Each structure stands twice: as C-alpha cells, then as structure tokens.
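All remarks here apply to the structure that follows.
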Amino acid sequence: MIVNGRARTVAAPDEASLLHVLRGELGLVGTRHGCGSGQCGACFVLLDGEVKAACELTVGQARGRSVTTIEGLGSPERPHPIQAALLEEQAGQCGYCLSGIQIAAAALLARRPDPDEGQVRAALARNLCRCGAHGRIVRAVLRAAKAMRV
Amino acid sequence: MSKLPQSLANNPKLGQWLDFAAPGRVTVRIGKVEIGQGIKTALAQIAAEELDLAFAQIRMAAPATDTAPDEGVTSGSLSIQDSGSALRLVCAETRALFLAQAAQRLDAAPETLTVADGVFRAADGRRTDYWALAAAVTLDRAASGLVAPKPITAHRVVGQSQPRSDLPDKVFGLRRFIHDLDLPGMVHGRVLRPPSTGASLVSAPEAMADGIGLVRDGNFLGVVADSEQAAERAAERLASRLEWRERDALPDPALLFDWLKTAKAEMQIVAERGTPASGARTHGAEFRKPYLAHASIGPCCAIARWEDGALRVWSHTQGIFNLRADLAIALGIGRERIAIEHVEGAGCYGHNGADDVALDAALLARTMPGRPLRVQWSRRDELAAAAFGPAMAIRLEADLDAKGGVLAWRHEVWSNGHSSRPGRAETPTLLAASDLAKSFPRRLSINVAPAAGGGAERNAVPPYDLPALKVASHRVLDMPIRASALRGLGAFANVFAIESFVDELAALAGEDRLAWRLARLADPRARAVIELATARAGWSGRARRPGRGIGLGYARYKSNGAYCAVVAEVEAEREIRVERLTVAADVGLAINPDGIANQLEGGAVQAASWTLLEEVRFDRRRIAIAGWEDYPILRFPEAPAVAVHLIRPGDQPSLGAGEASLGPTAAAIANALHDALGLRVRQLPLDRARLAQAALA
Ligand code: FES
Ligand code: FES
C-alpha cells in the first residue's frame with residue numbers, strides 16, 4: 001500500500017487491523033486509538049482521499065490503495081495549513097482528538113475550499129472532543145481554509 | 001519567617017526543584033502532572049520569570065517518584081496555587097544565590113548587575129552565567145522563603161499568553177502519549193473485568209492456546225500476548241468462554257434519588273449561621289444530578305515492568321506518589337521497591353481509570369519479570385468500569401417574608417463521597433484490588449476536607465448575604481456504583497441548584513434576577529464578573545423572541561478560588577440548543593491568560609455536554625454502557641460558541657481556573673431554558689424527557 005506517498009510493504013496478514021499496523025509495524029503513532037469501533041474519529045485516515053476509521057479497516061482493504069495519516073499531512077518543519085492554524089489558535093487541550101480531526105478537516109477543505117462555519121462543524125460531526133476545544137478548532141479550520149485560498 | 005507554601009514545606013530543598021546540569025538550560029522538576037490543562041507551560045513561565053531566563057531555556061522534567069518533589073495529586077485547580085507559589089519562591093531564591101555569586105566573581109555590587117537569558121552582566125560589560133556559576137552555588141539547602149518574588153510590574157513572561165509547549169507534538173501526531181511508548185521487549189495485556197459489581201468468576205479455562213498467557217487471581221483475569229492485536233483478540237475469545245455469577249446489587253434506577261436520600265449516611269453540618277426568623281412561607285425544591293462518566297477520548301493505559309522484585313510503572317495518573325502508595329499495599333511490597341514515571345495521557349477530567357489500569361499492568365507483568373507489559377482499557381471499560389462522578393440529590397429551602405425576601409436558607413445534599421483516589425488509606429482503592437483472591441474490600445469514597453474545598457459539599461454554601469443559613473451534607477455509606485472525583489466535584493450540582501433556586505426566589509419576590517444577585521454580593525470581585533458577563537452578552541435591552549431565552553449563573557469556585565459568571569443563550573423551540581456562552585472570570589494573577597481562557601472555555605463546553613446530554617444508565621445489575629452509543633456527548637454541530645473575558649485584578653494570588661466555569665454554565669443553561677419556555681427543570685440532564693416531566697408537574 002501507499003502510505004503518505006511512499007510504497008510500503010506490510011508483513012501483517014490481510015485480516016490485521018489497519019490501525020494496529022499503522023501504529024505498530026509502520027510506527028505511525030499519530031493515528032490514535034480511541035474506541036476501536038468507528039465511533040470517535042481519533043483514528044481517522046484518508047483512504048484514497050476519503051475519511052475512514054482505521055480501526056474499522058483491515059490491511060487487506062487498504063492493499064494497493066493510498067493511505068494518508070496525520071504524519072502525511074505535515075510535520076513541524078513543513079506544517080500543513082491546518083496544523084499552523086491549530087497552533088495559532090491554540091486549539092486543543094489534551095490533543096488526543098486532534099489527529100483525526102485534522103484528517104476530517106483536510107478532506108473537507110480538499111472538497112470545499114471555502115466552507116462556512118456550519119459546514120466545518122458538520123464535517124467534524126463524527127469526531128469527538130472531550131476537552132471542549134470545539135470552538136477553537138472550528139476557528140482554526142476556517143483560518144486554514146483562508147490561508148489555503150491565497 | 002513567613003509560612004512556606006505546603007508543597008515547599010514538604011519538599012524544602014531548592015535542589016529538589018531545579019538544576020543547571022544541562023548547558024544553557026534549567027531543568028525544573030515538579031510533582032504536578034500535565035493533563036492537557038497546560039500546567040507545564042504556566043509553571044515554565046513562572047520559572048523563566050523569576051530566574052530571568054528565556055521561556056525556551058526551561059526544561060520541565062517528566063514527574064517521576066524517584067526525582068520529583070512529592071506534591072500530592074494534580075487536582076482541584078490547585079496546581080498554580082501549590083506548585084506555582086512554591087516554584088516562584090524557589091526560583092527567586094535561586095536567582096538571588098546566583099546573583100550574589102556572580103557579584104563576587106565580577107567584583108561588582110549585586111544591584112549593579114543585570115540578568116537576562118541566564119547571563120549576569122556588570123555595568124562594564126563583563127559577564128558570567130548560571131552554568132559557569134553552578135559549581136560554586138549549592139542548591140542542596142532548604143528554601144528560606146525570604147527572597148521576595150518579582151512585583152507584578154516587573155513581569156515580562158508571566159501574564160503574557162504563551163503558546164503551550166506540549167501542543168505542537170500533539171498537533172503533528174508525534175510520539176507523546178503513553179499509548180505511544182514502545183519499550184524494548186514490550187508485551188501486551190488485556191483484562192477481562194467482571195461484568196457487574198460483586199460478580200464472581202464461576203468458570204474459566206485453565207490456559208489459552210497459541211502462546212497466549214492467561215493470568216488469574218481470584219476474580220481478576222487477564223491475557224498476555226506478544227502483540228496488541230493478539231491480546232485484544234484473545235480477550236474477545238476468552239470473554240465468550242467465561243461464566244460469571246452475578247447479582248442485582250445496584251439501586252433501582254427509577255428510584256435512584258429516593259435511594260440516595262434513604263441510604264445509610266453520615267451527616268455533616270457544613271455551615272450554620274444567623275438565627276432564622278419565622279417566615280410567612282417556605283419555598284422548597286429538589287435538584288438532581290445523575291452519575292456522570294469521565295469519558296476520556298483516549299483509553300486508560302499503563303506499562304509495568306518487574307525486575308528483581310522491584311516494579312517500574314509508566315502511568316498517566318494524576319498523583320504518582322499516591323498511586324505508588326496504593327500499588328505497594330495491593331501488591332504487598334514496600335513503596336521503595338516501586339518507581340512511577342508520569343507520561344501524558346488523554347484528558348482525564350478527574351479520577352478516571354488511570355490508576356486502576358496501572359494495577360492491572362503490574363499484576364499481569366508480575367508473571368513475566370524483565371518484560372515491560374502494556375495494558376490498555378477497552379472503550380467499554382473506559383466508559384463503564386472506571387469510577388463515575390456520583391449522583392447527587394440537593395434539597396433547597398428558603399423561608400420568605402411577605403414580600404418574598406429571604407429570611408433563612410437551607411441546603412441539604414445527599415451523595416456518595418466524591419473521591420476514591422488512591423494513597424489516602426491503609427487499603428487500596430484501585431479497581432482490581434477488590435477482585436484479587438486475597439481481596440481488599442472496596443473502600444467507600446470520601447469527601448476531602450473542607451479546607452481542600454470539600455467533596456459533595458463543595459460550593460454548597462451560597463455566596464449571597466443572607467440573614468440565616470444552614471448547609472448539611474449526607475455522605476452515603478453504601479457504594480454499589482463506584483464513585484470518585486469528576487472535575488469540580490460537588491460544585492457542579494450545588495451551583496446548578498443554588499443558581500437555579502436564586503432565579504426562582506427572585507421571581508417569587510418580583511425582583512429582577514440580575515439585580516437580586518448584585519444586591520446580595522458584598523465582594524466587588526464577584527459583582528465585577530457578573531457585570532462583565534452580562535454586559536458582554538448584551539443582557540439588558542434584549543428583545544424577547546419566542547422559544548429563546550437567556551440565563552445567568554455565578555459562583556466563586558470552592559468559595560475561595562476563581563470567580564466566574566456565565567451567561568447562556570438557548571434556543572428551545574424544537575431541540576434544546578445552547579447557542580452561546582459568555583464567560584467572565586477573575587482568576588487573580590493570570591500566568592498564561594490564553595491558557596486560562598482555553599480551560600474556562602473547555603470547562604464551559606464540557607459542562608454544557610453534562611447538562612444537556614449526559615447520564616450513566618444502568619439496571620439493577622449492570623452499567624448499561626457498551627460504547628459511545630450509550631453515552632453520547634456534545635458534538636461539533638451542537639457545541640456552543642463561547643466567548644471568555646478575563647478581569648485582570650492586578651497582583652492578587654493566582655487562582656486555578658480549570659473547574660471554575662462548570663457549575664455556572666449548568667445554572668445559566670437551566671435559567672435560560674426557563675426564560676425561554678417558562679419551565680423549571682431541576683433534574684439533569686435537561687433533555688426533552690425531563691422537560692416533558694417538568695411540564696406535567
Ligand atoms: S478509534 Fe477508530 S473511530 Fe474511534
Ligand atoms: S483536546 Fe482533548 S479530546 Fe480534544
């Protein structure tokens with residue numbers, strides 16, 4: 001499978017959970033485990049550009065396809081506009097939810113570069129945040145959208 | 001000598017708090033832990049300020065029992081009060097010692113030296129620095145507490161909004177959480193919890209196939225495997241082969257609040273003053289709060305490793321020393337054989353399962369000496385097996401004169417104690433301890449001392465000037481549902497009740513609800529936050545619109561902490577929606593204003609979630625939560641817009657902010673709902689069902 005733009009061979013069997021393989025074998029721990037059953041968004045990745053819960057995918061389902069994780073969005077050296085905006089807004093407390101939220105936000109902005117607040121909130125409807133950082137996160141996504149348009 | 005802050009009195013040596021061993025850096029050691037509240041950043045700001053270092057020169061060491069000062073638990077919004085005041089004195093005194101040494105070395109009077117970025121400069125340009133002087137200054141001495149910290153007017157770092165130092169790692173998805181720790185040779189465990197309180201294991205297999213280890217000790221059962229997925233799958237397979245004997249040990253959920261009020265309890269008078277005059281009538285009401293879950297987004301996790309009979313644990317506990325004490329008792333070894341290192345977890349919001357999972361890991365790891373063993377809880381256990389914030393019933397009564405003026409106020413609260421935190425008694429409170437063959441009975445939860453803010457009775461004393469009042473708290477002495485500290489403890493429900501009741505009393509007296517409060521608050525800082533919140537929310541002169549309402553809630557957290565007022569605007573025509581929350585607070589000297597705003601905002605949103613949606617459901621036997629579908633929390637589309645306004649009162653002591661906005665938010669929402677619909681809902685959550693009940697009543 002292609003992970004963050006690089007071809008990776010995965011030794012784990014087809015029925016292995018993609019989340020475990022990302023976090024374990026591939027060492028990409030940015031994809032967080034929250035619930036293991038598709039309910040919280042902590043483990044969201046892009047599978048061929050579509051938001052999917054890695055905890056509900058098997059390695060077999062990802063073979064031959066392109067997987068983008070939080071590590072593929074950006075890095076401290078080359079932050080994605082969403083990452084820069086989250087830091088500017090100081091959007092987050094414990095930060096456990098942030099990886100999956102950024103994946104969902106990136107998919108939204110790819111589809112809709114100029115979302116309004118309601119659309120941002122709707123796009124994050126499957127992501128849970130217990131710390132109550134919602135308002136700041138929404139502001140950050142809107143800020144990133146603006147930065148990406150110029 | 002002035003009295004040292006408790007943290008410093010307990011850990012008086014300067015060298016316990018900091019050292020200059022790393023070139024160009026100071027390493028600061030604190031006993032309080034980062035739980036997403038930004039404490040590391042705020043304390044680093046204090047150190048940078050008092051030592052005249054740049055913020056980037058401060059390294060905050062991860063707290064560990066073998067190196068950190070023992071500062072008890074990170075709770076109750078006390079970290080800035082405890083750690084902050086200790087660190088401020090330690091750093092001021094350390095700077096003075098180095099300044100004297102620098103003066104000697106540069107042969108100049110100390111007051112002629114300037115200090116910046118750790119460099120001491122004489123007027124003629126000669127210089128030295130902390131690291132060059134470190135060998136000549138011993139920090140192996142007790143703090144005197146006599147060196148005055150900087151006056152607020154000299155602050156350059158404290159009081160400025162400082163981006164959180166831990167946030168970039170979390171934004172970029174780096175290896176930061178305990179879940180991400182990968183130690184050499186690590187194996188994975190899962191625990192199969194009893195399905196209900198008091199369940200006992202009737203039959204279980206003796207062993208597992210495929211190299212899976214099975215560990216059993218009484219009713220404690222776990223599996224161990226080389227990979228996390230193998231452990232998870234083994235646990236699933238095993239679960240279906242277990243037979244438990246269960247009994248109906250839980251109260252009837254339909255009669256929960258009757259049970260609370262009639263169960264065996266211990267009564268305590270919290271406050272009593274004034275002589276009640278006899279009134280024309282009495283107004284009374286009962287307010288109720290269900291059990292609430294901590295419901296962290298990341299499951300509890302711990303790693304344990306045994307070596308030569310000594311145990312090392314990596315944990316996201318809120319109290320490394322308290323956890324160590326309970327582990328020692330539960331495992332039957334001396335404390336000195338245990339070291340605990342703190343690693344950040346997801347937000348915990350009180351005493352969740354972080355300590356419990358550490359015992360799970362230690363028990364499983366004991367069977368594989370030398371190997372680090374990692375245990376992570378399932379989502380179900382995270383939501384259903386961790387302790388809950390206890391249910392509460394609150395009865396309020398006011399004797400009124402003919403015009404509705406309050407002659408006497410009575411407040412009674414019934415609840416389990418609000419803390420089952422470890423490290424406070426001779427037997428452990430850790431979950432698995434009561435499942436072991438040599439079992440420790442489950443300890444009843446307690447209420448911490450009133451001086452520490454109390455538990456169920458936290459904020460039960462109303463802040464208003466009243467001619468007579470009596471406040472009593474009943475700690476229920478039966479705990480079928482395990483209860484412990486949830487953010488704010490009793491304050492959340494007490495403030496919800498008091499501030500709802502105040503609106504009721506104002507209406508009975510025909511007074512304006514805002515004026516009622518302002519007229520009875522002598523403390524100008526209390527009035528100031530209410531005035532600010534209402535002004536910013538556009539309280540007066542609003543046009544009334546059908547189905548919409550506005551409400552106010554106020555409290556001074558723990559009666560001696562941060563002042564906070566919240567205005568809520570709700571829309572209740574179809575759904576009950578909180579559109580906007582306006583928060584005003586006075587937290588004394590704000591170390592990191594944006595960090596404080598972030599916490600007040602997060603607290604308000606979390607409180608909105610508790611208030612509108614949350615309730616732990618159960619039947620006579622089991623907690624009825626299998627996953628998030630059974631415990632919904634507020635999501636992005638419904639989360640209210642929040643505006644936070646801080647009052648900067650000058651050089652007043654810093655007051656913790658993490659829990660101040662929760663109670664006022666609940667009350668503001670309830671009062672706004674009443675404003676919108678004319679219905680007083682006194683039982684949380686304020687959902688459609690409760691609204692319908694209130695309409696019938
Ligand atoms: S961990 Fe995958 S959705 Fe929660
Ligand atoms: S920041 Fe903690 S869960 Fe979102």
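The values are calculated or read from the model by the stated rules, or taken from the named source; none is laboratory data. The structure presented is a predicted model; accordingly, all values stated were derived computationally and were not measured. Because the Cβ atoms are built from the backbone with ideal geometry, glycine has one as well, and the counts that use them run over all protein chains shown. Accessible surface is based on the protein model in full, side chains and every heavy atom, while ligands, DNA and RNA are left aside. Shrake-Rupley method; radii C 1.70, N 1.55, O 1.52, S 1.80 Å.
Within segment B:295-353, can you find the residues that are within 16 Å of ligand 1 (Cβ to nearest atom) and part of a loop (DSSP other than H, G, I, E, B)?
B:Ala295, B:Ser296, B:Ile297, B:Gly298, B:Pro299, B:Cys300, B:Gly345, B:Ala346, B:Gly347
Just for segment B:606-640: of the residues that are among the β-branched types (Val, Ile, Thr) and over 20 Å from the mean Cα position of the chain (by Cα), which one is farthest from B:Arg688 (Cα to Cα)?
Looking at residues that are among the β-branched types (Val, Ile, Thr) and over 20 Å from the mean Cα position of the chain (by Cα), I get B:Ile623.
Restricting attention to segment B:347-380, report how many residues are among the β-branched types (Val, Ile, Thr) and buried (at least 24 other Cβ atoms within 10 Å of the Cβ).
Result for segment B:347-380: 2.
Of all residues in segment B:15-34 being of a type outside the set (D, E, K, R) and open to solvent by 40 Å² or more (accessible area, probe 1.4 Å), which is farthest from B:Asp140 (Cα to Cα)?
Out of the qualifying residues, it is B:Pro23.
Specify the residue that is farthest from the other protein chains (Cβ to nearest Cβ); the eligible residues are those in segment B:1-14 that are surrounded by fewer than 17 Cβ atoms within 10 Å (Cβ to Cβ) and in a loop (DSSP other than H, G, I, E, B).
So, considering only residues that are surrounded by fewer than 17 Cβ atoms within 10 Å (Cβ to Cβ) and in a loop (DSSP other than H, G, I, E, B), the one farthest from the other protein chains (Cβ to nearest Cβ) is B:Met1.
Please determine whether any residue of segment A:105-122 is away from ligand 1 (no atom under 16 Å from the Cβ), closer than 16 Å to B:Ala639 by Cβ, among the polar types (S, T, N, Q) and crowded, with 20+ Cβ neighbours inside 10 Å.
Scanning segment A:105-122 turns up no residue that is away from ligand 1 (no atom under 16 Å from the Cβ), closer than 16 Å to B:Ala639 by Cβ, among the polar types (S, T, N, Q) and crowded, with 20+ Cβ neighbours inside 10 Å.
Name every residue in segment A:125-147 that is farther than 17 Å from B:Ala295 by Cα, at the interface with chain B (Cβ under 9 Å from one of its Cβ atoms) and free of Cβ contacts under 8 Å to residues at least 40 places away in the same chain, in order of residue number.
Passing the criteria: A:Ala125, A:Gly135, A:Val138.
List every residue pair whose Cβ atoms lie under 8 Å apart, where the two residues are 6 or more positions apart in sequence or sit on different chains, the first residue falls within segment B:630-650 and is within 8 Å of chain A (Cβ to nearest Cβ) and in contact (Cβ under 8 Å) with a residue 24 or more places away in the chain, and the second residue, located anywhere, is among the acidic types (Asp, Glu) and open to solvent by less than 40 Å² (accessible area, probe 1.4 Å).
Note: pairs meeting the criteria are B:Ile633/B:Glu614; B:Val642/B:Glu601.
Please specify each residue of segment B:171-223 satisfying the condition of being open to solvent by less than 10 Å² (accessible area, probe 1.4 Å) and away from chain A (no Cβ under 14 Å).
Correct list: B:Gly189, B:Ala199, B:Phe220, B:Leu221, B:Gly222, B:Val223.
Could you tell me whether A:Val29 is away from ligand 2 (no atom under 16 Å from the Cβ), in a loop (DSSP other than H, G, I, E, B) and in contact with a Lys or Arg (Cβ under 6 Å, 6 or more places away or on another chain)?
For A:Val29, the condition - away from ligand 2 (no atom under 16 Å from the Cβ), in a loop (DSSP other than H, G, I, E, B) and in contact with a Lys or Arg (Cβ under 6 Å, 6 or more places away or on another chain) - is met.
Which of the helices (runs of 4 or more DSSP H) found entirely inside segment A:51-150 contain at least 1 residues meeting this: within 16 Å of ligand 2 (Cβ to nearest atom) and over 15 Å from B:Val171 (Cβ atoms)?
A:117-123, A:134-149
Return the residues of segment A:139-150 that are in contact with an Asp or Glu (Cβ under 7 Å, 6 or more places away or on another chain) and crowded, with 22+ Cβ neighbours inside 10 Å; say none if nothing qualifies.
Answer for segment A:139-150, where residues must be in contact with an Asp or Glu (Cβ under 7 Å, 6 or more places away or on another chain) and crowded, with 22+ Cβ neighbours inside 10 Å: A:Ala140, A:Ala145.
So, B:Glu601, is that one within 10 Å of another protein chain (Cβ to nearest Cβ), outside any loop (DSSP other than H, G, I, E, B) and over 19 Å from B:Cys348 (Cβ atoms) or not?
no
From the list A:Gly38, A:Gly34, pick out the single residue that is modelled with pLDDT of 95 or more, facing chain B (nearest Cβ under 10 Å), within 16 Å of ligand 2 (Cβ to nearest atom) and part of a loop (DSSP other than H, G, I, E, B).
A:Gly34
Checking A:Leu46 against (1) within 11 Å of chain B (Cβ to nearest Cβ); (2) more than 16 Å from B:Ile297 (Cβ to Cβ); (3) surrounded by 18 or more Cβ atoms within 10 Å (Cβ to Cβ), which single condition isn't satisfied?
Checking A:Leu46 against (1) within 11 Å of chain B (Cβ to nearest Cβ); (2) more than 16 Å from B:Ile297 (Cβ to Cβ); (3) surrounded by 18 or more Cβ atoms within 10 Å (Cβ to Cβ), the one that fails is (1).
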